Amino acid sequence: MSELTFYTHPMSRGRVVRWMLEEVGIPYSVESREFGPEMKTLDYLAINPMGKVPAIKHGNTIVTEVAAICAYLADQFPDKELSPPPQSPERGVYFRWLFFMAGPFEMATSAQAYDWKIDSSNVQAVGCGRLEDVINTLEKELTRGSYICGDHFTAADVLVSSYLWWETMQKNIPPNEVFKQYIARMESRPAAKRANELDDELAKQMQPVSN
């Protein structure tokens with residue numbers, strides 16, 4: 001098995017990838033990076049020229065971007081059944097929600113957080129559309145079954161529930177009972193609990209020591 005290195009900061013989107021790694025259940029090493037100059041060193045820019053976390057290096061393969069990392073790990077370890085089989089109809093649904101969260105959802109919630117204008121003058125040109133449409137689309141889908149892709153947990157659930165939790169906590173989306181119940185189901189998974197414990201401990205270790 002190829003060695004896997006996980007580059008992260010415990011207060012970043014790396015928490016999503018940590019959860020995915022715990023779902024996969026393979027050994028991995030962790031390289032934590034502080035925000036700022038430590039993410040802009042030449043050695044790390046060779047991993048991610050954006051100077052951002054998370055990233056993984058699996059053997060000689062480097063993957064950045066949260067959704068891409070989740071999809072890659074699911075495909076690399078098919079025995080974990082974290083993605084639908086390549087030729088199955090469910091595969092399209094799975095990709096739909098991975099890209100929906102990485103694209104329209106994140107853009108719409110960022111617009112809400114930073115007061116970027118999305119209104120009738122530009123909504124047709126803006127890829128994410130209105131925030132209320134994004135929320136309604138997700139709410140409708142999550143009333144259909146226990147998971148975003150129906151009755152089976154996948155890497156898409158890692159992404160969807162993580163992003164819903166974060167944006168709800170940040171109050172960029174209003175409280176929603178459907179989302180609340182869905183997040184609670186996903187967060188109850190043993191891998192999610194382990195991931196949170198590991199990142200909480202890493203966050204403590206990275207805190208500056210006061211004199």
Output for segment 151-173, where each listed residue is at pLDDT below 95 and more than 21 Å from A67 (Cβ to Cβ): D151
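So if I check each of L42, L21, L73, which one is under 20 Å from A191 (Cα atoms), in the same structural domain as L198 (by TED's automatic domain parsing), out of contact with any Phe, Trp or Tyr (no Cβ under 6 Å at 6 or more places or on another chain) and of a type in the set (A, V, I, L, M, F, W, C)? Full working, then the answer.
Working: L42 fails: under 20 Å from A191 (Cα atoms); L21 fails: out of contact with any Phe, Trp or Tyr (no Cβ under 6 Å at 6 or more places or on another chain).
The conditions single out L73.
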Tally of residues being loosely packed, with under 15 Cβ neighbours inside 10 Å and either in contact (Cβ under 8 Å) with a residue 12 or more places away in the chain or not in a loop (DSSP other than H, G, I, E, B) (or both) across segment 188-211: 9
Residue check for V134: in contact with a strand residue (DSSP E or B) (Cβ under 9 Å, 6 or more places away or on another chain) and among the hydrophobic types (A, V, I, L, M, F, W, C): no
Residue match in segment 139-150 (condition: of a type in the set (K, R), at pLDDT below 95 and either in a loop (DSSP other than H, G, I, E, B) or assigned by TED's automatic domain parsing to the domain that holds A102 (or both)): yes
Segment 144-166 - residue that is closer than 17 Å to G92 by Cα and of a type in the set (S, T, Y) and, of those, surrounded by the most Cβ atoms within 10 Å (Cβ to Cβ): T154
Only one of L198, L164 that is outside the structural domain of M107 (by TED's automatic domain parsing) and under 22 Å from R18 (Cα atoms): L198
Of residues in segment 115-143 being surrounded by 12 or more Cβ atoms within 10 Å (Cβ to Cβ) and β-branched (V, I, T), the one farthest from S162 (Cα to Cα): V123
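Of the residues Y94, Y182, which single one is closer than 25 Å to I26 by Cβ and either in contact with a Lys or Arg (Cβ under 7 Å, 6 or more places away or on another chain) or not assigned by TED's automatic domain parsing to the domain that holds M20 (or both)? Lay out the reasoning, then the answer.
Values: Y182 fails: closer than 25 Å to I26 by Cβ.
Of Y94, Y182, the one residue that is closer than 25 Å to I26 by Cβ and either in contact with a Lys or Arg (Cβ under 7 Å, 6 or more places away or on another chain) or not assigned by TED's automatic domain parsing to the domain that holds M20 (or both) is Y94.
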Strands (runs of 3 or more DSSP E) lying entirely in segment 23-114 (those with 2 or more residues that are touching a residue at least 12 places away in the same chain (Cβ under 8 Å) and either polar (S, T, N, Q) or surrounded by fewer than 18 Cβ atoms within 10 Å (Cβ to Cβ) (or both)): 29-32, 61-64
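The values are calculated or read from the model by the stated rules, or taken from the named source; none is laboratory data. None of the values given here were measured: they were computed from a predicted structure. For neighbour counting, all protein chains shown are included, and Cβ atoms are generated from backbone atoms with ideal geometry for every residue, glycine included.
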